[in-house]
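Below is one structure, written out as C-alpha cells; comments come after it.
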Ligand code: HEM
C-alpha cells in the first residue's frame, strides 16, 4: 500500500491513485499513442501519411525509438510500485470464471482486491511485451545500434517487434474499453478518487481493507 493512496478523504471519497500513479500513467498512455501511430507509419507505406502529424518521416523516425526508451523508463518503476496489488490470488480464478456474467452485470459480488483479474492480466502481459518491444527496438535503431547486429537477426527482431506491438495494441484497446465501460474508473485515474459505492461494488476486498470493514 502506498502512502499517497488507499485512504478516505474527509468528504468520504476514497483516494485510489496518488499523484505519481496518475501523472506517470497518463505519460505512459500518451507515449504509447505516439509510439503506436508513428509505429504504424513506419510499418507500412499505407500509413505513412501519419508521419505528417509528427513533423515528417525523418523527424518521426528519430523520435520513435527515443519514445520507446521513454515508455520503458516510465513503465517499469510504475509497474514495480503496483506489483503487490497485481499479485494473482484464488479470487482471480473465480473472477475469470464469472467474467461474462460480470460484464453483463449479472453477478453482484466479486471479492476482488484493488485490481480485478482482467486488470491483472493486462498488467502482467504488459511487463514482458514492453521488454520485447524495447530489446527488439534496440536491434533496429539506426544509426546507433542496428549495425552491431546481423541482418538475419534483425529480420527476426523486426517481425517480433511488429507482433509485440500488435498484441500491445489489442491489450491496450481492451484496457481502454474496460476503463470507459466501468463508470467512475476514468475519474479515478484523472482525479484520483472514487466513491464508496464504486469501491464496494467493483473492489469489495480493497474497500474492506481501507475501511477496516466498518462501512
Ligand atoms: C490509451 C489510453 C488509456 C486509458 C484511457 C487508460 C485508462 C486507465 C484507467 C481509467 C485506469 C484506472 C483503473 C482503476 O482504477 O480500476 C487505468 C489503470 C492502469 N493502466 Fe491504463 N489507460 C490507458 C493506457 C495505458 C497504457 C498504455 C498502459 C501501459 C502500457 C496502462 C497501464 C495501466 C496500469 C498498469 C493500470 C493499473 C491497473 C493494474 O495495475 O492492473 N494504461 N488505466
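The values are calculated or read from the model by the stated rules, or taken from the named source; none is laboratory data. Fair warning: this is a prediction, and the values are worked out from it, not measured in the lab. Using ideal geometry, Cβ is built from the backbone for each residue, glycine included, and neighbour counts are taken over all protein chains shown.
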field: The lone exception for residue 199 - which of (1) more than 9 Å from the ligand (Cβ to nearest atom); (2) closer than 30 Å to residue 63 by Cα; (3) touching a helix residue (DSSP H, G or I) at 6+ places or on another chain (Cβ under 7 Å) it fails
entry: (2)
query: Does segment 118-130 include one or more residues that are more than 10 Å from the ligand (Cβ to nearest atom) and either surrounded by 15 or more Cβ atoms within 10 Å (Cβ to Cβ) or over 18 Å from the mean Cα position of the chain (by Cα) (or both)?
result: no
query: Taking the stated definitions as given, is residue 214 assigned to a loop (DSSP other than H, G, I, E, B) and free of Cβ contacts under 8 Å to residues at least 24 places away in the same chain?
result: yes
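If only one of 15, 28 is within 18 Å of residue 68 (Cβ to Cβ) and modelled with pLDDT of 95 or more, which one is it?
Being within 18 Å of residue 68 (Cβ to Cβ) and modelled with pLDDT of 95 or more holds for just one of 15, 28, which is 28.
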query: In the list 162, 179, which residue meets the criterion of being under 25 Å from residue 83 (Cβ atoms), in contact with a helix residue (DSSP H, G or I) (Cβ under 7 Å, 6 or more places away or on another chain) and either part of a helix (DSSP H, G or I) or not assigned by TED's automatic domain parsing to the domain that holds residue 23 (or both)?
result: 179
task: Among what's in segment 160-180 and is without any contact (Cβ under 8 Å) to a residue 24 or more places away in the chain and within 11 Å of the ligand (Cβ to nearest atom), pick the residue that is farthest from the chain's Cα centre (by Cα).
output: 180
- request: Mind listing whichever residues of segment 183-210 are touching a strand residue (DSSP E or B) at 6+ places or on another chain (Cβ under 7 Å) and either assigned to a strand (DSSP E or B) or touching a residue at least 40 places away in the same chain (Cβ under 8 Å) (or both)?
  value: 188, 192, 193, 194, 196, 199, 210
message: If residue 155 satisfies all but one of (1) in a helix (DSSP H, G or I); (2) surrounded by 15 or more Cβ atoms within 10 Å (Cβ to Cβ), what's the number of the condition it fails?
response: (2)
